[in-house]
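Some notes on the structure that comes next.
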Amino acid sequence: MASGEAGPPSGGGGGLWVSLGGLTTRGRSFLAAGIAAAACSYVLGQSDLLRVGLLLTALPLVCVIVLHGTRHRVTGSRGLSPSRVHAGSEARVHLRVDNVSRLPTGLLMLQDRVPYALGPRPRFVLDRVEPGGRREVSYRIRSDLRGRYPLGPLQLRLSDPFGMCELTRGFSASDTLTVVPRVVPLPPVRLGGEATGYGDGRRRSPALAGADDIIPRGYRHGDDLRRVHWRSTARYGELMVRREEQPQRAHCTVLLDTRGGAFDGAGPDSPFEWAVSGAASAAVHLMERGFSVRLLTDAGSALPDGMGGHSGSSHDSAEAVGLLLDTLAVVDHSDGESLAPAHEALRGDGGGLLVAFFGDLDERQTALAGQMRRSGGTAVAFVLDRSAWPQDARSPRRPAYSAEQRLRALREAGWTALAVTPGASLPELWRTAGGRGAGSAPAGSPYGAPHMPHSGTAGQPGGITAAAPAGAAGPPVPSVPSVPPVPAVPPWPSGPPSAGGHP
C-alpha cells in the first residue's frame with residue numbers, strides 16, 4: 001500500500017502566489033467587487049461602502065490562505081489488490097483520504113492517474129470530511145495487454161466551504177501494476193527429458209545444489225556410522241556425516257523467438273502475444289512438474305540459469321514463477337534477424353527438454369533451428385504459419401517458403417514440429433506433441449498413449465503383421481506369436497527369504 005501527504009499545488013512552486021491562481025470564478029468576482037467598492041468609497045467619500053469593499057476583498061483572500069495552509073493536513077493512501085494479474089483479469093484499487101487537521105474539509109475531488117491502456121482516469125467527489133475522519137473509495141482496472149503500468153500519483157482537489165478557491169494537491173506515492181501473459185493449463189503429457197521417479201533412470205549427483213544436504217551435516221539418530229565425515233567432525237567438535245546423493249532435477253529450456261520481422265500485427269490477438277502466452281504456459285507447467293526451467297530468447301538468455309527452477313518449498317516455487325512471469329510481462333520485439341545468438345547459448349548445454357516458440361522462419365533460419373536440437377534430447381517446436389495469419393502490409397515480403405517445408409525440415413532434424421494457425425489451442429497442440437513424442441511412455445500411464453513402432457515388414461516388434469498383396473505368389477507370411485503373460489508371484493507369508501537361502 002502506497003501512502004503520502006498532500007504536496008504543494010500542481011503547476012510548480014508552493015508559494016502563496018501559486019495558490020492565488022486557484023481562485024474560482026466566484027472568488028475572482030468577489031475580489032473584483034471588493035476592489036471596486038473600495039475605489040467607489042474613496043471617490044464618493046462613503047466609509048460604509050469601504051467596509052463592504054474590504055469584506056468582499058478579504059473573504060476570497062482568507063479562503064486562499066486557509067487552503068494554502070492545509071497542504072500537510074490531508075493524507076492519502078492507495079492499495080492495489082493484486083499487484084500482479086494475468087492479461088484480461090481485473091485488479092481493484094482502494095483509495096483512502098484522511099483528514100488529520102482540526103478543521104473540517106470542504107468538498108473534495110479525487111483523481112488518480114492511470115495509463116490510457118487501463119481506461120479513463122477515475123474521479124470521485126467526496127463530501128466534507130470531519131476532523132480526524134476518513135473516506136474510502138475503490139475502482140477496478142483491467143488490461144488485455146501485458147506490461148508494467150504505473151498508477152498515480154493521486155491528485156486531490158480542495159475547495160473551501162464558500163467555493164472561492166480550488167487547489168489541486170499531488171501525492172508523491174505511486175504503485176505499479178504488472179500484467180503478465182495469460183497462462184493456460186496444459187495436459188500432463190510426457191514429452192521426454194524427464195523421469196517419473198527416483199528409480200526410473202533419473203540421474204543422481206552429489207548434493208552440491210541439493211535442497212537438504214548442501215554441506216556435511218550433524219549426526220542424526222539412525223544415520224549410518226560409515227558415513228561419518230571425520231575431518232568435519234574434528235573441525236566442529238561433533239559428529240558430522242557426509243552429504244547424501246540427491247536426485248538431479250530434469251532440465252528444460254523454453255526458447256521464445258522475439259524477432260520483430262518474424263511476426264505481424266499487434267494487440268492481444270497477435271501471433272507474438274500467442275507465442276509469449278505459450279512460452280509462459282509451458283514454463284509454468286514444467287516448473288510445477290519439477291523441472292528446472294531456463295528461459296531463452298533469440299537474443300540470448302532472458303533469465304539466469306536456475307532462476308526459473310523449481311525449488312524445494314512452495315514459497316520458493318511461487319517466487320520463481322513470479323520472476324519468470326514478470327520477465328515475460330515486459331518482453332518485446334528484438335532488433336535481431338537471426339537465431340544465431342540463441343544457437344550459441346544452447347551450444348554446450350547439458351541437454352534436457354527443449355520447447356521452442358518460433359515465428360516465421362526462412363530456409364536459413366530453419367536450418368539453424370534444426371541444429372539447436374541437442375543430440376539425444378527431446379525438442380518440441382511450435383512454428384508460426386505466417387500465411388494463415390492476417391498479413392501486415394508494412395512488413396517486407398519474404399521468399400516463399402511454405403509451412404510444410406519448415407515442418408518437414410525440422411522433423412528431419414529430430415524436432416517434434418507443429419504449425420500454429422489463428423485460433424490454435426495450445427493445450428491441444430501440447431497433447432498432440434506428447435502423442436508424437438511419447439515413445440517411452442508406458443502403457444496406461446497418464447502421459448498419453450504409447451508409441452507403437454511399425455513397418456511394412458512382418459515380424460517387427462509390436463506384433464504387427466503385414467498382409468500379402470492381392471495376387472502375389474508364395475505362401476502367406478505367418479504372424480509373430482504373442483508372448484503369454486507372466487503369472488504374478490504370490491507374496492511371501494513371512495517376508496522375503498534370507499540371504500542364506502533358508503527361510
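The values are calculated or read from the model by the stated rules, or taken from the named source; none is laboratory data. What you are looking at is a predicted structure, and each value in this text was computed from that prediction instead of being measured. Positions of Cβ are backbone-derived with ideal geometry, glycine not excepted, and every protein chain shown enters the neighbour counts. Note: accessible area is taken over every heavy atom of the protein model, side chains too, but ligands, DNA and RNA are not part of it. Shrake-Rupley method; radii C 1.70, N 1.55, O 1.52, S 1.80 Å.
Some values worked out for this structure:
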item: Evaluation of Leu103 against (1) touching a residue at least 40 places away in the same chain (Cβ under 8 Å); (2) within 24 Å of Trp17 (Cβ to Cβ) (one fails), failing number; result: (1)
item: Residue under evaluation Gly348, criteria (1) modelled with pLDDT of 90 or more; (2) out of contact with any Asp or Glu (no Cβ under 8 Å at 6 or more places or on another chain); (3) more than 28 Å from Ala388 (Cα to Cα), criterion not met; result: (1)
item: Looking only at the range 296-332, and only at residues there that are under 17 Å from the mean Cα position of the chain (by Cα) and within 22 Å of Ala367 (Cα to Cα), the one that is modelled with the lowest pLDDT; result: Ser301
item: Qualifying residue in the range 163-177 (condition: modelled with pLDDT under 90, out of contact with any strand residue (DSSP E or B) (no Cβ under 8 Å at 6 or more places or on another chain) and surrounded by fewer than 19 Cβ atoms within 10 Å (Cβ to Cβ)); result: yes
item: Selection status of Asp48, open to solvent by 90 Å² or more (accessible area, probe 1.4 Å) and either at pLDDT 95 or above or not in a loop (DSSP other than H, G, I, E, B) (or both); result: yes
item: Strands (runs of 3 or more DSSP E) lying entirely in the range 91-147 (those with 1 or more residues that are open to solvent by 20 Å² or more (accessible area, probe 1.4 Å) and more than 24 Å from Gly69 (Cβ to Cβ)); result: 123-126, 134-142
item: Gly423 being modelled with pLDDT of 60 or more, buried (at least 19 other Cβ atoms within 10 Å of the Cβ) and out of contact with any helix residue (DSSP H, G or I) (no Cβ under 8 Å at 6 or more places or on another chain); result: no
item: Residue count for the range 63-87, restricted to those that are out of contact with any Asp or Glu (no Cβ under 9 Å at 6 or more places or on another chain) and either of a type in the set (Gly, Ala, Ser) or closer than 24 Å to Cys165 by Cα (or both); result: 5
item: Considering residues of the range 272-293 that are open to solvent by 10 Å² or more (accessible area, probe 1.4 Å) and part of a helix (DSSP H, G or I) only, the residue farthest from Ala87 (Cα to Cα); result: Glu288
item: Where a residue in the range 364-386 is under 18 Å from Pro427 (Cβ atoms) and its partner, wherever it lies, is hydroxyl-bearing (Ser, Thr, Tyr), with Cβ under 6 Å and at least six apart; result: Val380/Thr416
item: Complete set of residues in the range 148-162 that are open to solvent by 50 Å² or more (accessible area, probe 1.4 Å) and either under 25 Å from Val330 (Cβ atoms) or at pLDDT 90 or above (or both); result: Arg148, Pro150
